[in-house]
Amino acid sequence: MSQISQILVDGESYILPSVSNQHFKSAAVLKTPNKGDWYIYYSIWDFKVGKWKPVKFYTKQLNNSIALKLPIKKRILIGETILSACNEDLNNGIDPKTTLAIAPFSKVTLKDVLEDAQDSSNIPRLNEAIEIFIATKSDKLGGKIAAENKENTTITYKYFFKAFQDFCVRSKIDNYKVNRYTKQHVFEFMQEYLNAGIWGASTYNSNLGFIKSFFNFFAKRYDFTHYIGNIEDVEVTEESEKFEPFNEADIKRVFDFLTNPQVITYPHYTRILEPNNLIRIIAETIFYSFLRPSEIRRIKIKHIKRYKQGYFDLTSDITKNKKVASRFKELYIDPVLVAEYSNLNWEAYINNKECQEYYVFTKNLVPSPEKSTNYQFGKKFARELTKLDKSAETGDTIFADAKYSLYSLKHSGNIQAYKAGWTIAQLQLQNRHSSEEQTENYLRELKQEINQQPRPLRAAI
């Protein structure tokens, strides 16, 4: 193969050898001069100068006082053992004398550099590919994500892929074309963040989905094969969750607090605080329907037309799990919710064609073109829990101290539904989970209780 005279790697210029698959000229040999020390001799390529550089590798094992007293044959055997190890290093691109990579481009092998240099395809390199992918996913280049999700999608992807870019820079593989990345590259990146405790199991699995989607996107566009999809999710354990379910007594306290006016008695007057109806409705929706807060914010008039029949119609721009959404588009609505929603005057908007794109769960519970913010749900619910703590005569701070959030309601709702007789399959469909394992995670608090229940007797065979 003809020599590629120069190549740029990490912004620096290197001269490559004409024998393109080698870092070294030929196998190392053992030199045993009659006078002087014995040594291993080989030649490695000097990528800066562009020529073979001879190396004499003297070792103490061949030349110490003990070795000098040995018979020649035994000394040669020691030398051949060292020689074998040296040739193994050379084959792996390592200089036996320095134990450093022969190529100055660190982990990048000469084979990688040459293949990349000879790749004349229009496949983008990493940084450009990430820009294209994020732009497409945020609908800037004709993607299918709804307009209201652009901002959150862009922020999420930018945060994740910045971490991947940083890893690639540290590994000196940031200039690769996307078809050059291997399963091992991605696996090492994912494990680095998991093992460091930066990601829990759930976050790991979500991010693994991001990067699989990234490589699938370009593999289909440029018709190349990759094996990133073979990386498996990690098991979501109890410790990986960031929220706790409410027990039955506390969930009743929470809903009672959200439903009834609170009377505050001061020395000279009494103040009555009306409940926050928005937070109550959101809390009940999560508890009874298992919708996620982000999904509730996206619900529009066009999705709730059949609520009196006990269903919402969820499209792929609403739900988190797009694959499940394409198969199960109906969401069961509990009679408790139907009764609550009947008081919200939705009928005035359902039959109005101009209002089909109005968001339903807004800050004043009046359908509007303006969507609610994360603050109006999550942070306001946290404030209600703080108020509930302050209202307790005991002065306890059980809600402030525990890991409670709106997701605690989803968790608690799953437990209550299971106890009421729902099957795992029904819970899975209602949660829009892709597997029963995801659903069972919500029931982890019940496992001990379930294990203690008597087993039905079976007939002998």
* Structure fact -> Phi-derived 3J(HN,Hα) across segment 407-419 with the Karplus relation (6.51, -1.76, 1.60, θ = phi - 60°), rounded Hz, x for Gly and Pro, is 5, 5, 5, 5, 4, 5, x, 5, 5, 5, 5, 5, 5
* When the Cα atoms of segment 155-302 are enclosed in a convex hull and the volume is divided per residue, what value in Å³ results? -> 210 Å³
* Structure fact -> For segment 248-451, Rg(Cα) over 2.2 N^0.38 Å is 1.09
* Structure fact -> FRET efficiency (residue 434, residue 273; Cβ distance; R0 30 Å; to 0.05) is 0.10
* **Simple label model, 7 Å out from Cα along Cβ direction - residue 77 to residue 449, nm** => 7.2 nm
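Listing 49, 254 from the residue with the fewest other Cβ atoms within 10 Å to the one with the most, what is the order?
Taking fewest neighbouring Cβ atoms as first place, the list is 49, 254.
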* Asked: What are the residues whose amide H is under 5 Å from the amide H of residue 94, where those residues sit 5 or more places off or on another chain and H is modelled from the backbone?
  -> 102
* **For segment 305-310, 3J(HN,Hα) per residue [Karplus equation, 6.51 cos²θ - 1.76 cosθ + 1.60, θ = phi - 60°, Hz, x = Gly/Pro]** => 4, 9, 4, 5, 8, x
* To do: Note down the nm distance, to one decimal, between modelled labels 7 Å out along Cα→Cβ at residue 225 and at residue 84.
  => 3.6 nm
* Evaluate the distance, in nm, between pseudo-label points positioned 7 Å from the Cα of residue 182 and of residue 18 along their respective Cα→Cβ axes. => 3.0 nm
* Structure fact -> If R0 = 25 Å, then residue 252 and residue 316, at their Cβ-Cβ distance, give a FRET efficiency to the nearest 0.05 of 0.10
* Asked: If we count other beta carbons within 10 Å of each Cβ, what is the order of 445, 188, 354, fewest first?
  -> 354, 188, 445
* Structure fact -> Note, segment 68-85: 3J(HN,Hα) by Karplus (6.51, -1.76, 1.60, θ = phi - 60°), whole Hz, Gly/Pro = x, goes 5, 8, 6, x, 3, 4, 5, 5, 5, 4, 4, x, 5, 5, 5, 4, 4, 5
* Structure fact -> The residues 210, 215, sorted from fewest to most surrounding Cβ atoms within 10 Å, come out as 210, 215
* Compute the length gained on full extension between residue 217 and residue 458: take 0.36 nm times their separation in residues and subtract their Cα-Cα distance, giving the result in nm to one decimal. => 81.6 nm
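Bear in mind these aren't lab numbers, they're just calculated from the coordinates by the rules spelled out. Note that the coordinates shown come from a computational prediction; the quantities given were computed from them, not determined experimentally. Here Cβ is always computed from backbone atoms with ideal geometry, including for glycine, and neighbour counts include all displayed protein chains.
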